[in-house]
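Step one of this worksheet: look at the structure below.
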Amino acid sequence: MLELHVAELLRARGVEQAGRYLVQQGLPYHTVNRLLTRKVENLTYATLEKLCLACNCTPDDLFVWAEDAGTAVPKDHPLHKLKRKEPVASPVERIKKLPPDKLKKLQEFMDGLEGE
């Protein structure tokens, strides 16, 4: 079964109020509510594109796949790439705990990444 994990993705990116953020990005409140409560039965391409733009990701970053008990899927099937990953800790929370000297090193590292 495919599931959307929008809140988890945004939390990992430091967005604590996913609902407010998505509404600010132009998604209707009722759509955001269904997305965050995982009560989405269908998803338009337009909504999927807005989600990807808001979350700075691709569709495969939004979806998680869990094999249903009655479904036999070969081990080499591409859906296995969408299996649940370990949750990523919010980098914002981790950064808040760094001492000033480590923040300088982090800034230099990030400058290097942005220059690539």
Legend entry - Matching option when the condition is within 17 Å of the chain's Cα centre (by Cα) and among the small types (Gly, Ala, Ser), among Gly70, Gly14: Gly14
Inset, instruction - Only residues that are farther than 17 Å from Ala12 by Cβ and touching a His at 6+ places or on another chain (Cβ under 9 Å): list them for the stretch 51-73, please. - result: Trp65, Glu67, Val73
Inset, instruction - Kindly provide the set of residues from the stretch 28-51 that are modelled with pLDDT under 90, surrounded by 11 or more Cβ atoms within 10 Å (Cβ to Cβ) and among the charged types (D, E, K, R), ordered by number. - result: Arg38
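Give me the residue from the stretch 11-20 that is modelled with pLDDT of 90 or more and within 19 Å of Phe63 (Cα to Cα) and, out of that set, surrounded by the fewest Cβ atoms within 10 Å (Cβ to Cβ).
From the stretch 11-20, those modelled with pLDDT of 90 or more are 17-20; that's our starting set.
Within this subset, residues satisfying the condition of being within 19 Å of Phe63 (Cα to Cα) are 18-19.
Values: Ala18: 20, Gly19: 18.
Applying the filter and picking the extreme gives Gly19.
Please go through the stretch 27-64 and pick out each residue that is touching a Lys or Arg at 6+ places or on another chain (Cβ under 6 Å) and either aromatic (Phe, Trp, Tyr) or free of Cβ contacts under 8 Å to residues at least 40 places away in the same chain (or both). Lay out the reasoning, then the answer.
If we filter the stretch 27-64 for residues that are touching a Lys or Arg at 6+ places or on another chain (Cβ under 6 Å), which is where we start, we get 27, 40, 64.
Correct list: Leu27, Val40.
The values are calculated or read from the model by the stated rules, or taken from the named source; none is laboratory data. This is a predicted model, so every value here is computed, not measured. Heads up, the Cβs are rebuilt from the backbone with ideal geometry, glycines too, and the neighbour counts pull from every protein chain shown.
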